Amino acid sequence: MEGSNRYNQSQSSTRIELDEQDADSFPLFLDFMYDTCPDADDDESLTLNVNEDFSTSNAVSLRHLARVFDCEGLMLAVNKFIQKDLSLKTGPVYLVQANLYRDDRLIESAKRLCIENFSRLETKSITRLPLELFRSVMSAVIERSKSAHDISVEEEDALSYHLSEVVCQYFEKHPDRMTVKLLLELTNENVMPKIASEPAIGFTALARELNPREIKPDSDEWAGLVALCQRCAQAVVGEYGWKDFNITSALEEYLYGPCASDGSSTKLDSLLFATSFAAALKRAQNDYQSVDIGCSKSKKQMEKLQRENDDLQWQNQGMKEEVDRYKKVLAGTKDELLSLRHQVKDLKQRHRAGLNELNCT
């Protein structure tokens, strides 16, 4: 009889294997099914215990359990929670969770939110993404910026600077995921036309850690690495100038530093030294040319002002002579006017004398 009961119990039981996350969420799944007993068409029942029990960390797992066990009420309730909870802060979390469960629809929603608001997301939340998702988001952000017709030059530059910061921090956080190919892919000039100064320093440090044996001389990867180091050096010099660049220290580090002391100095070390020195030298030459051009312009401006001053003096002299001539003419006119006045006065006197004589006769 006892054996028969055991047989019946084993026949009526079902073994369910769950991972750790689903195991933690399973009690909530059972509570929802047996305690609330929601009706799929009853909107009020779907709100029961949702705010208290559901969270960003378990929502995707509950959505998965609802799909596996065909619980439509739970699916509707979880979807309602996710719609309210999905935000700039939770978007990357949902993207990672949805990717674990291969939830394509939720992946698309979370990914679209991250792409459309990429510049507003916290960098640390993006750097938590698995490599596959990180590359996917970055590629989509880049394609979206290229297809946008209303983006200004300033906005494009700001996005490029932000991309450089995100990519640099991602590789700094996950150095094991970095390869030469991936580094060049995500920092390509067509992808990232501008590099901020701090990420430029970071990329240089990352390049120093690359295995030179993985880079074939005269290959496309070597050419790409040369271009990247040049851009980074130019960004750093552009931000901090060239006057603080200590050639002696840089040369001593290259010749007598750790790489040289153990005999492992490579083309990569030469590249980093050469690009830094070249960027500083080029900036110094440009500054010198600017000063030289400025001096030439100033000299030409002074010569022009001198000629204008000479012209003004000549004009002033001519005007002075003209004024003196008018003064002489005016003086002569004054004398002539006085003479005419005397003549008029004399004529008047004669006229009166003539009238007097006529009256006397």
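Here, each number is a calculation from the coordinates, and none is a lab measurement. Computed from a predicted model, the values in this text were never measured in an experiment. Because the Cβ atoms are built from the backbone with ideal geometry, glycine has one as well, and the counts that use them run over all protein chains shown.
Quick notes
- Loop-located GluC sites (Glu not before Pro) in the stretch 104-186 (DSSP state not H, G, I, E or B) with no more than 12 neighbouring Cβ atoms inside 10 Å: Glu122.
- Shape of the stretch 132-179, Cα gyration tensor, a/c cut at 1.5: oblate
- Note on the stretch 46-157: Rg/Rh from C-alpha atoms, Kirkwood Rh, equals 1.05.
- Checked against a 27 Å cut-off, the cross-linked pairs Lys111/Lys146; Lys194/Lys297; Lys320/Lys345; Lys304/Lys327; Lys84/Lys146 give Cα-Cα distances beyond that limit for Lys194/Lys297; Lys320/Lys345; Lys304/Lys327; Lys84/Lys146.
- Going from the residue with the fewest nearby Cβ atoms within 10 Å to the one with the most, Trp222, Trp314 rank Trp314, Trp222.
- Three-way shape label, the stretch 172-233, alpha-carbon gyration tensor, a/c 1.5: oblate
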